[in-house]
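Okay, so here's the structure we're looking at.
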């Protein structure tokens with residue numbers, strides 16, 4: 001019987017492609033070896049592409065999930081590293097497209113709110129949603145946040161949801177919820193200080 005250290009040593013001698021062939025056969029140790037080989041490089045690549053720790057964490061997890069799901073389609077004649085980074089890069093592109101669409105939608109919605117607000121003000125009425133206890137600076141800063149930060153912030157502080165509940169609602173890991181909450185609060189604070 002081989003020890004865990006023995007498995008590690010033997011996997012260190014195998015090429016990425018050999019390890020991937022073992023992954024195709026369902027060997028968890030081979031996956032662990034590939035994961036350890038590429039963990040830092042892959043995360044560094046993703047972080048540089050999206051310049052956001054929470055986003056990089058999400059893409060990192062999704063990349064490895066795709067590797068596992070598509071393992072049977074991997075061609076051992078190809079380089080594993082090329083395949084890995086190709087999957088990661090495609091996920092970065094998809095994320096950038098989604099963010100661009102979200103930004104356009106958010107800008108259109110903000111414009112609509114401004115137009116309705118101006119219309120209500122000209123009629124001498126006020127929209128109750130806009131006159132709640134939020135100061136104008138905070139409302140503007142909150143509206144400027146990306147959707148992924150807005151959703152966790154609103155669920156936590158305006159709907160009193162726990163981090164666990166937010167993770168379930170949004171469909172992200174609890175650690176990502178914490179990270180996004182931290183980023184959202186930090187961004188809001190910086191925006192308010194800048195406007196002051």
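The values are calculated or read from the model by the stated rules, or taken from the named source; none is laboratory data. Computed from a predicted model, the values in this text were never measured in an experiment. Using ideal geometry, Cβ is built from the backbone for each residue, glycine included, and neighbour counts are taken over all protein chains shown.
Computed quantities for the displayed model
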item: Residues of the stretch 59-70 satisfying the condition of being within 20 Å of residue 29 (Cα to Cα) and buried (at least 17 other Cβ atoms within 10 Å of the Cβ); result: 60, 63, 64, 67
item: Answer from 175, 191 - the residue that is farther than 30 Å from residue 65 by Cα, surrounded by 11 or more Cβ atoms within 10 Å (Cβ to Cβ) and either touching a helix residue (DSSP H, G or I) at 6+ places or on another chain (Cβ under 9 Å) or at pLDDT 85 or above (or both); result: 191
item: Search result, residues across the stretch 91-114 that are within 30 Å of residue 38 (Cβ to Cβ), touching a helix residue (DSSP H, G or I) at 6+ places or on another chain (Cβ under 6 Å) and at pLDDT below 90; result: 102
item: Matching option when the condition is at pLDDT below 95 and exposed (fewer than 12 other Cβ atoms within 10 Å of the Cβ), among 48, 8; result: 48
item: Subset of the stretch 158-172 that is touching a helix residue (DSSP H, G or I) at 6+ places or on another chain (Cβ under 7 Å) and surrounded by 12 or more Cβ atoms within 10 Å (Cβ to Cβ) - its residue that is nearest to residue 147 (Cα to Cα); result: 170
item: Residues that are part of a helix (DSSP H, G or I) and either under 27 Å from the mean Cα position of the chain (by Cα) or surrounded by fewer than 12 Cβ atoms within 10 Å (Cβ to Cβ) (or both), drawn from the stretch 17-28; result: 20, 23, 28
item: Total residues in the stretch 60-90, condition part of a helix (DSSP H, G or I), in contact (Cβ under 8 Å) with a residue 60 or more places away in the chain and touching a helix residue (DSSP H, G or I) at 6+ places or on another chain (Cβ under 8 Å); result: 2
item: Residue 155 vs. criteria under 19 Å from residue 109 (Cβ atoms), assigned to a helix (DSSP H, G or I), touching a helix residue (DSSP H, G or I) at 6+ places or on another chain (Cβ under 7 Å) and modelled with pLDDT under 80; result: no
item: Hits in the stretch 141-152 (condition: surrounded by fewer than 19 Cβ atoms within 10 Å (Cβ to Cβ), touching a helix residue (DSSP H, G or I) at 6+ places or on another chain (Cβ under 6 Å) and in contact (Cβ under 8 Å) with a residue 40 or more places away in the chain); result: 147
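Conditions tested, residue by residue: (1) more than 30 Å from residue 152 (Cα to Cα); (2) without any contact (Cβ under 8 Å) to a residue 60 or more places away in the chain; (3) assigned to a helix (DSSP H, G or I).
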{"position": "30", "(1), (2), (3)": "yes, yes, yes"}
{"position": "35", "(1), (2), (3)": "no, yes, yes"}
{"position": "45", "(1), (2), (3)": "no, yes, yes"}
{"position": "58", "(1), (2), (3)": "no, no, yes"}
{"position": "92", "(1), (2), (3)": "no, yes, yes"}
